[in-house]
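Structure, as structure tokens:
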Amino acid sequence: MARVALVTGGTRGIGEAISVALRDAGFTVAANYGGNEKNAQEFSARTGIPVFKWDVGDFAACQAGIAAVEKELGPVDVLVNNAGITRDTPMHKMSAEQWEAVIRTNLSSCFYMCRSVLDGMRARGYGRIVNISSLNGQAGQFGQTNYSAAKAGVLGFTKALAQEGAAKGITVNAICPGYTDTEMVRAVPEAVLGMLIKKIPVGRLCSASEIGRAVVFLAADEAGFITGSTLSVNGGQICY
Ligand code: CAA
């Protein structure tokens with residue numbers, strides 16, 4: 001039987017590419033989405049991947065959402081924590097709401113989601129968790145104290161949970177995409193984006209499918225000895 005993979009924020013941007021890459025690799029995929037109904041329905045019609053709506057920044061919603069996925073598709077063996085938002089602004093202009101929204105959606109969601117699948121993974125002695133962090137969690141980014149803090153937090157979270165999961169067959173890894181060709185990055189002011197691209201040695205944005213490929217690598221049964229690691233996919237921009 002195909003393993004079940006759940007991708008948060010799995011209907012758009014990097015998440016869409018991850019969902020499709022996992023489907024193409026033979027997984028039964030469920031894609032979570034937060035709000036864009038029309039996009040989610042179009043994605044599902046186009047890909048044949050079922051979609052499930054809930055807010056990953058809400059613990060009770062995560063528990064109910066995962067129960068719905070498992071009822072329809074079976075136990076979740078692969079969890080990809082991909083959902084994320086930006087509220088970019090320099091710290092001196094940042095509101096508490098902008099700080100909290102990003103921490104909740106990008107970091108607390110990892111706890112809410114992992115906590116909700118962990119008992120099942122431990123009982124079955126198998127799990128693959130892939131957390132999508134960011135180059136900007138490694139390096140920091142002007143205008144992103146909230147986002148950089150959340151994404152750096154994801155890296156610590158990943159390493160700690162990896163230690164807890166290791167004896168139970170559960171691997172936990174992080175991927176740090178660099179600037180990737182998605183709506184989120186296209187929202188960066190053009191002049192700023194031009195400067196950012198100049199700093200990428202490969203000389204272009206990452207394509208979302210290149211992140212999908214990295215997720216498939218870490219989600220495989222054969223990846224059982226890779227845990228607690230951070231895989232940078234950033235066109236040579238940073239090397240740790
Ligand atoms: N480094 C140093 N100074 C910078 C700077 C930078 N990177 N960017 C802007 N500044 C300076 C400006 O030159 C300006 O200086 P002056 O006041 O002397 O003219 C000052 O900071 C204020 O700049 P803005 O007028 O642009 O300020 P703003 O409040 O209108 O906007 C911003 C600031 C929202 C942060 C905008 O610069 C921006 O969107 N930057 C891009 C942030 C970014 O990279 N986001 C990544 C999104 S994609 C993503 O997050 C995915 C991922 O994981 C990689």
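Residues in segment 117-126 that are touching a strand residue (DSSP E or B) at 6+ places or on another chain (Cβ under 9 Å) and part of a helix (DSSP H, G or I): VAL117, LEU118, GLY120, MET121, ARG122, ARG124.
Against the numbered list (1) surrounded by fewer than 15 Cβ atoms within 10 Å (Cβ to Cβ); (2) of a type in the set (Lys, Arg); (3) near the ligand (Cβ under 10 Å from one of its atoms); (4) in contact (Cβ under 8 Å) with a residue 24 or more places away in the chain, LYS151 comes up short only at (1).
Among residues of segment 135-148 being near the ligand (Cβ under 6 Å from one of its atoms) and in a helix (DSSP H, G or I), the one that is surrounded by the fewest Cβ atoms within 10 Å (Cβ to Cβ) is ASN136. Taking residues in segment 77-96 that are more than 13 Å from LEU107 (Cα to Cα) and assigned to a helix (DSSP H, G or I), and partners anywhere that are within 13 Å of the ligand (Cβ to nearest atom) and at pLDDT 95 or above, the pairs with Cβ atoms closer than 7 Å and at least 6 places apart or on different chains are MET91/THR145. If you go through segment 208-237 and keep only what is farther than 23 Å from LEU6 by Cβ and surrounded by 14 or more Cβ atoms within 10 Å (Cβ to Cβ), you end up with SER232, ASN234, GLY235, GLN237. Would you confirm, using the coordinates I've provided, whether LEU135 is without any contact (Cβ under 8 Å) to a residue 60 or more places away in the chain and under 15 Å from the mean Cα position of the chain (by Cα)? No: the conditions fail for LEU135. Answer yes if at least one residue in segment 85-98 is of a type outside the set (Ser, Thr, Tyr), out of contact with any Gly (no Cβ under 6 Å at 6 or more places or on another chain) and farther than 25 Å from GLN141 by Cα, and no otherwise. Within segment 85-98 (the criterion being of a type outside the set (Ser, Thr, Tyr), out of contact with any Gly (no Cβ under 6 Å at 6 or more places or on another chain) and farther than 25 Å from GLN141 by Cα), the answer is no, since none of the residues qualifies.
Condition test on ILE129, is it modelled with pLDDT of 95 or more, in a strand (DSSP E or B) and either charged (D, E, K, R) or under 18 Å from the mean Cα position of the chain (by Cα) (or both)? Yes.
Pairs meeting the criteria (first residue in segment 166-188 and farther than 20 Å from LEU155 by Cβ, second residue part of a loop (DSSP other than H, G, I, E, B) and within 8 Å of the ligand (Cβ to nearest atom), beta carbons under 6 Å, at least 6 apart or on different chains) are VAL185/TYR179.
One residue stands out among those in segment 158-207 that are assigned to a helix (DSSP H, G or I) and crowded, with 21+ Cβ neighbours inside 10 Å: the one that is nearest to the ligand (Cβ to nearest atom), which is THR158. Scanning segment 54-76 for residues that are assigned to a loop (DSSP other than H, G, I, E, B) and surrounded by 16 or more Cβ atoms within 10 Å (Cβ to Cβ) returns TRP54, ASP55, VAL56, GLY57, ASP58, PRO75.
Can you confirm whether segment 105-114 contains a residue that is within 10 Å of the ligand (Cβ to nearest atom) and surrounded by 17 or more Cβ atoms within 10 Å (Cβ to Cβ)? Yes: one or more hits. Filtering segment 1-40 to residues that are hydrophobic (A, V, I, L, M, F, W, C) and more than 15 Å from VAL56 (Cβ to Cβ) leaves MET1, ALA2, VAL4, ALA5, ALA17, VAL20, ALA21, LEU22, ALA25, PHE27, VAL29.
The values are calculated or read from the model by the stated rules, or taken from the named source; none is laboratory data. As the structure is a prediction and not an experimental result, all values here were calculated from the model. Neighbour counts are summed over all protein chains in view; Cβ atoms, including those assigned to glycine, are modelled from backbone coordinates with ideal geometry.
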